[in-house]
Every structure is written in C-alpha cells, then in structure tokens.
Amino acid sequence: MEGQEEKKVEKTWKPTAAGILAIISGAIGCIYRVILYAVFSPLGLWGLGAPSEILLLMLGVVAIDGGVCALKRKSWGTALAGSICALFSPLGIPLGILAIIFVAIGKSEFN
C-alpha cells in the first residue's frame with residue numbers, strides 16, 4: 001500500500017542478553033537435574049523426589065526454548081516464559097531476574 005511505511009525497530013543487546021542468560025540458566029538446571037538423577041537413582045535414593053525433579057528438568061528445557069526465541073526475537077511470550085522458567089535453576093535467581101528484565105524491556109523488538 002502506498003503511504004504506509006514499514007516500521008523498522010532497532011535491534012539492541014537486551015533480547016540477546018536475555019536469551020543467553022535464559023539458555024545458560026536452563027542448561028545448568030538440566031545438567032544439574034540429570035547429574036542428580038544419575039547419582040541418586042542407582043542408590044535407590046531418588047524415591048518421591050522424582051516427580052518434582054522431572055518438573056524442574058522440564059522447566060530447564062522451557063528456559064532453553066525461551067532463550068532461543070529471545071535470540072531470534074520470534075515470540076515475546078515464549079521468551080518471557082523461558083525467562084521465568086530460568087528462575088528455577090540452581091543459578092536462577094540472578095540470571096532469571098536479569099533475563100526477565102531484559103525481555104520485558106526489549107518487548108518492542110519481538111514479532
């Protein structure tokens with residue numbers, strides 16, 4: 001259409017930083033859960049903690065997926081969900097909070 005210009009949004013470092021932080025946090029969380037399973041399962045000590053550990057492992061996977069979406073600037077909702085899930089890894093508090101802040105500030109850069 002004539003008269004309508006496509007709005008170009010300047011790409012900043014914020015979604016990239018959020019994606020990297022979410023991926024790091026999610027990967028650490030997944031590795032941590034797998035190591036816990038590998039150590040405690042053969043000893044028979046896994047027991048009732050298994051469902052919660054599986055849930056936390058899935059949160060790590062969502063954090064990684066959200067980090068990838070933030071790097072690609074594809075889906076703001078998925079990137080935000082991944083940043084929130086990044087809070088639940090062993091290093092989640094500092095990394096997850098920063099990822100949430102950067103995704104929220106960089107919302108205008110997402111499709």
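The values are calculated or read from the model by the stated rules, or taken from the named source; none is laboratory data. Computed from a predicted structure; not experimentally measured. Counting neighbours? That spans all protein chains shown, and the Cβs are built from the backbone with ideal geometry, glycine included.
Taken across segment 55-76, residues that are of a type in the set (S, T, N, Q), crowded, with 20+ Cβ neighbours inside 10 Å and touching a Cys at 6+ places or on another chain (Cβ under 9 Å) do not occur at all. Look at (1) closer than 30 Å to LYS8 by Cβ; (2) within 14 Å of the chain's Cα centre (by Cα) and you find that SER108 fails only one, number (2). Taking TYR32, is it under 18 Å from ILE93 (Cβ atoms) and at pLDDT below 95? So TYR32 passes the test. Of ARG33, ARG73, all but one fail to be among the charged types (D, E, K, R) and more than 15 Å from the chain's Cα centre (by Cα); the exception is ARG33.
If I filter segment 104-111 for residues that are free of Cβ contacts under 8 Å to residues at least 24 places away in the same chain and on the phi < 0 side of the Ramachandran plot, do I get at least one hit? Within segment 104-111 (the criterion being free of Cβ contacts under 8 Å to residues at least 24 places away in the same chain and on the phi < 0 side of the Ramachandran plot), the answer is no, since none of the residues qualifies. Taking the conditions exactly as written (under 25 Å from ILE35 (Cβ atoms) and either free of Cβ contacts under 8 Å to residues at least 12 places away in the same chain or part of a helix (DSSP H, G or I) (or both)), does ILE64 satisfy them or not? For ILE64, the condition - under 25 Å from ILE35 (Cβ atoms) and either free of Cβ contacts under 8 Å to residues at least 12 places away in the same chain or part of a helix (DSSP H, G or I) (or both) - is met.
Applying a threshold of 9 Å to beta carbon distances and a minimum spacing of six or more residues, or different chains, the list of pairs starting in segment 83-102 at a residue that is within 9 Å of SER25 (Cα to Cα) and hydrophobic (A, V, I, L, M, F, W, C) and ending at one that is assigned to a loop (DSSP other than H, G, I, E, B) and modelled with pLDDT under 95 reads LEU95/SER89.
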